[in-house]
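To keep things clear, I will list the structure first and then write my remarks on it.
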Amino acid sequence: MSNAVRQTEKAVIVSCIDTSKYLVGIEAGKGTITYQRSPQGELMFYGCLNLAKASLVDQGFRVATLVMDSPYDEMIGEEGHESASHEIPLV
């Protein structure tokens, strides 16, 4: 994919805190995130952060937003907080 396209997209890694797995996605604007899926259409989960980062590096990204997704926020009726989101280097 061209660098011009990647400049408008943002890489996102969602840490599923309750399962110790990571989802990888790409945000193309307006807050919509498209998550990686297997050829069978199932969401792809990574067992460690390094594998999730490597997947995004392979797609041409150098940084990503790491989102710490906690079921606690949903249980008490709140959305995730800004403090639960951090930009991290991939390389």
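Tallying residues that are of a type in the set (A, V, I, L, M) and surrounded by fewer than 16 Cβ atoms within 10 Å (Cβ to Cβ) within the stretch 22-31 yields 1. Residue 40 falls short on exactly one of the conditions (1) loosely packed, with under 13 Cβ neighbours inside 10 Å; (2) at pLDDT below 95, and that condition is (2). Scanning the stretch 58-65 finds one or more residues that are among the polar types (S, T, N, Q), surrounded by 11 or more Cβ atoms within 10 Å (Cβ to Cβ) and either at pLDDT below 90 or touching a strand residue (DSSP E or B) at 6+ places or on another chain (Cβ under 8 Å) (or both).
Being under 10 Å from the mean Cα position of the chain (by Cα), exposed (fewer than 15 other Cβ atoms within 10 Å of the Cβ) and either at pLDDT below 95 or not hydrophobic (A, V, I, L, M, F, W, C) (or both) holds for only one residue in 19, 34, and it is 34.
The values are calculated or read from the model by the stated rules, or taken from the named source; none is laboratory data. Keep in mind it's a predicted model, so treat the numbers as computed, not measured. Reconstructed Cβ throughout: ideal geometry from the backbone, glycine too, with neighbour counts over all protein chains shown.
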